[in-house]
Structure formats: structure tokens, C-alpha cells
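K.L.:
Structure provided below as C-alpha cells; questions to follow.
The values are calculated or read from the model by the stated rules, or taken from the named source; none is laboratory data. What you are looking at is a predicted structure, and each value in this text was computed from that prediction instead of being measured. All Cβ positions, glycine included, derive from the backbone under ideal geometry; neighbour counts span all protein chains shown. Each accessible area value is taken on the protein alone, full model and side chains, heavy atoms only, with ligands, DNA and RNA left out. Shrake-Rupley method; radii C 1.70, N 1.55, O 1.52, S 1.80 Å.
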Amino acid sequence: MRALVYTAPLCVSLEERPRPKLESGEVELTVVAAGICGSDISGFLGHSRRRIPPLVLGHEFVGRTKDGRRVVANPLVSCGRCNACLSGSQNLCSSWRLLGMDTTQGCYAEFLAIPETQIYEIPDSLSDISAVLAEPLANIVHLFRIASPQPFFRMGIIGGGTMGALALLTALRLGVREVLVQDVSEERLATVRAMGATLAVNAATEEGRGEALHFAGRGMDLVLDASGSANARQAAFDLCRPGGLVVLLGMATEKSEIDFVTSIRKEHRVATSFAYTPVDFERSLALLKAGEIDLSPWTKELPLAQGQRAFDLMTKSPGDTLKMLLRVS
Ligand SMILES: [Zn+2]
Ligand SMILES: [Zn+2]
């Protein structure tokens, strides 16, 4: 089969690979279209310790079963037996694995093997572009479940990439009163303004940062860091009101400093959010089926054979593209 293999940092190439062998309980899917995720990009850049070449990356996809059903799949496979799994926190499973990570083949290939329990049939009315969002949006559903914001909350979002944009669209569905978005790309700021952000400011400028603090006033009730850079993490705390909640999602850097004394005096609450459970995945899919979340105007599509170009575009000049889709078959 044809597969896009991550062969070295900044390099992917189309290669002939053996078709996956099925383990017990697994089914083989034909991959139709696959999304490029921020975590795949971090792998491609050589920043991920769990994505070591040679590896077929990718975990967001639409596929078909042997009997012709169109499906998406929850790519986070958990054991189903440990305490975390049994208590409904499959994202914290002691032995979770993800497509396109460690030794598990990802979805940038013609075929893949996955436990049958992970797949969900989807209607033809759900486009490939929308269906591929089931996985990234599940992360956002999960974090809002953790944050459980109060009615009429005010929210800050640091980072207007795919995750920040999906968080914005979801917050609007939840009845957020005002949303402030910070990013360093003018194109992304324009995009989140079009999506309904109350204020979108450029955090690379003194003026932008000042505008954000002025808008926040006493501070926002909930601030999400969807970036993970050191500056972004601190900005999330700076914009949070006393007693408010900071949710850390971005993983751009492993370690960074936070002015904790200021945060302690403000009694900031801090939560981290990681991945999603099957329940989150199902809720995410339901939102997409209902047409309530849509990134199609900001989605670009390229054939799998142009994988190198797709990754180069997303790392060097994504412009206003929030999701890159690879057409596999
Ligand atoms: Zn993803
Ligand atoms: Zn488990």
C-alpha cells in the first residue's frame, strides 16, 4: 500500500509499505481523507519524543470499512481494564496508544488497522472536512467538561490556531458573553474575528497586549492556553480574574516559568486538559453532525502524494488555513 512516511525531521515521503496485519478485535479500514494535526506537525518538526522516524503519522481521518460503511474512528486506544478506563477516564489509561505515535501506524496510508470498538459510522451528509474534525473537537469538548463554565462567562483564548478556533466556536454554542483571543498572526486574528471573537489582539505588540489587559479588566472567568509557549502560558494567567480558572492545553514547550506568587494571591485555579474520552468523542461527533461547528472555509485539501508540500505549508505559511486535509483515496 502507499503510505506517507515521516523519514527525518522536516521530511515525509510516499513509500510502498506492507498492508497492516490485523490483531484480534481489529478491522481494516480504507483511509479516504486524513487531517494534519498540530501534534503531527510537532512530530514532523522533530519536537515529539514519541514520534520517531520512520513512522506513518496521522490520527484524524475518515475511512471505509470492508462492507462499505463510511466511518470515523477514535484514534486513542485504551486498554479498557485499568482503573482509569473503568472509571471513564480512558484518556488517562495506563497504556493508551494513539495512531501515528510510538509503534502504532497512523492514517497517512491507504489502509490501517484499528479495534472495531473505536469506529463510528457517519452519514453521507457529514462532509469529509467536517468528519475529520471529530478528533480535534473532542479535545475541546473534554476541556469544557473539565472547566464547566458558569452561565454568561467571559473567556480568554491564547492562540488562535485550530484548537483556539474550535474552542471559540464551542464557547459561542455554550453562551459565552465575551471572548478575547490573542495570537501573533494577523491572518489568524482576522479569522477568529470572522468567527465571532469579541476582541482579537496581536500579542506580539505592546499595544495588543495592553488592549487585551484593558479589555479583560478585573480578568476573564476562564482562560484557555491553546498554544503552550512560555509567553502564552503566562499570558493566560495574566488575563485571568481572581478566583478564575486557567486551563492549560497547549504543549509547545515542556517547561516554562509562571509567576506563581501573583497567581497564588489571586487564588487562580488551574486545570490541565489532555485528549478525550469516548464520551467526549461521541459528543464532538454529534456537534459536527448537527452542523454546529464548521471550519470548512478555513480548510485546504491536497492529495497524499503532496504530503511534503502540505506539511511545509502548515509549518511555514499556514495563512488562514486551520485544517489541512490529505486526500488518500
Ligand atoms: Zn489531532
Ligand atoms: Zn486502561
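K.L.:
Sort through CYS107, CYS85 and tell me the only one that's more than 29 Å from PRO318 (Cα to Cα) and modelled with pLDDT of 95 or more.
P.N.:
It is CYS85.
K.L.:
Which one of the conditions (1) aliphatic (A, V, I, L, M); (2) out of contact with any Phe, Trp or Tyr (no Cβ under 8 Å at 6 or more places or on another chain); (3) surrounded by 14 or more Cβ atoms within 10 Å (Cβ to Cβ); (4) closer than 26 Å to GLN118 by Cβ does LEU304 fail to meet, given that it meets all the rest?
P.N.:
Against the list (1) aliphatic (A, V, I, L, M); (2) out of contact with any Phe, Trp or Tyr (no Cβ under 8 Å at 6 or more places or on another chain); (3) surrounded by 14 or more Cβ atoms within 10 Å (Cβ to Cβ); (4) closer than 26 Å to GLN118 by Cβ, LEU304 comes up short only on (2).
Conditions tested, residue by residue: (1) away from ligand 2 (no atom under 16 Å from the Cβ); (2) within 26 Å of GLN308 (Cβ to Cβ); (3) surrounded by 17 or more Cβ atoms within 10 Å (Cβ to Cβ).
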site	(1), (2), (3)
GLY106	yes, yes, yes
ASP124	yes, no, no
HIS142	yes, no, yes
ARG145	yes, no, no
PHE152	yes, no, no
GLY175	yes, no, no
GLU178	yes, no, yes
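K.L.:
Let me ask something else. When segment 49-81 is examined, which residues are found to be away from ligand 2 (no atom under 16 Å from the Cβ), buried (at least 19 other Cβ atoms within 10 Å of the Cβ) and either on the phi < 0 side of the Ramachandran plot or over 17 Å from the mean Cα position of the chain (by Cα) (or both)?
P.N.:
ARG51, LEU55, VAL56, LEU57, HIS59, GLU60, PHE61, VAL62, GLY63, VAL71, VAL72, ALA73
K.L.:
Now for a separate question. In the list MET155, MET163, which residue meets the criterion of being in a helix (DSSP H, G or I) and under 22 Å from the mean Cα position of the chain (by Cα)?
P.N.:
Going through MET155, MET163 in turn, just one is in a helix (DSSP H, G or I) and under 22 Å from the mean Cα position of the chain (by Cα): MET163.
K.L.:
Based on what the data block shows, is VAL184 open to solvent by 50 Å² or more (accessible area, probe 1.4 Å) and under 21 Å from ARG233 (Cβ atoms)?
P.N.:
Against the criterion (open to solvent by 50 Å² or more (accessible area, probe 1.4 Å) and under 21 Å from ARG233 (Cβ atoms)), VAL184 qualifies.
K.L.:
Let me ask you something else. Tell me the residue from SER89, SER127 that is within 22 Å of ASP320 (Cβ to Cβ), in contact (Cβ under 8 Å) with a residue 60 or more places away in the chain and more than 16 Å from ligand 1 (Cβ to nearest atom), please.
P.N.:
After applying the criteria, what remains is SER127.
Each row is one residue, and each column tells you yes or no for (1) hydroxyl-bearing (Ser, Thr, Tyr); (2) out of contact with any Ser or Thr (no Cβ under 7 Å at 6 or more places or on another chain); (3) in contact (Cβ under 8 Å) with a residue 40 or more places away in the chain.
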site	(1), (2), (3)
GLY175	no, yes, no
VAL184	no, yes, no
LEU189	no, yes, no
THR198	yes, yes, no
SER229	yes, no, no
VAL247	no, no, yes
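K.L.:
Considering segment 225-257 alone, what residues qualify as being surrounded by fewer than 23 Cβ atoms within 10 Å (Cβ to Cβ), under 15 Å from SER39 (Cβ atoms) and touching a strand residue (DSSP E or B) at 6+ places or on another chain (Cβ under 9 Å)?
P.N.:
Answer for segment 225-257, where residues must be surrounded by fewer than 23 Cβ atoms within 10 Å (Cβ to Cβ), under 15 Å from SER39 (Cβ atoms) and touching a strand residue (DSSP E or B) at 6+ places or on another chain (Cβ under 9 Å): GLY228, GLY250.
K.L.:
What pairs can you find where one residue is in segment 39-51 and without any contact (Cβ under 8 Å) to a residue 24 or more places away in the chain, the other is among the basic types (Lys, Arg) and in a helix (DSSP H, G or I), and their Cβ atoms are less than 8 Å apart, with a gap of 6+ or different chains?
P.N.:
none
K.L.:
More than 16 Å from ligand 2 (Cβ to nearest atom), open to solvent by less than 40 Å² (accessible area, probe 1.4 Å) and closer than 24 Å to MET163 by Cα: is that true of GLY43 in this structure?
P.N.:
yes
K.L.:
Does segment 194-201 include one or more residues that are of a type in the set (Val, Ile, Thr), more than 23 Å from GLY319 (Cα to Cα) and in contact with a strand residue (DSSP E or B) (Cβ under 8 Å, 6 or more places away or on another chain)?
P.N.:
no
K.L.:
Oh, and also: What number of residues in segment 92-101 are within 16 Å of ligand 1 (Cβ to nearest atom) and open to solvent by 40 Å² or more (accessible area, probe 1.4 Å)?
P.N.:
Qualifying residue count, segment 92-101: 2.
K.L.:
Taking the options GLU23, GLU16, GLU28, name whichever one is surrounded by fewer than 17 Cβ atoms within 10 Å (Cβ to Cβ), away from ligand 1 (no atom under 16 Å from the Cβ), over 17 Å from the mean Cα position of the chain (by Cα) and within 20 Å of ASP128 (Cα to Cα).
P.N.:
Matching residue, one of GLU23, GLU16, GLU28: GLU28.
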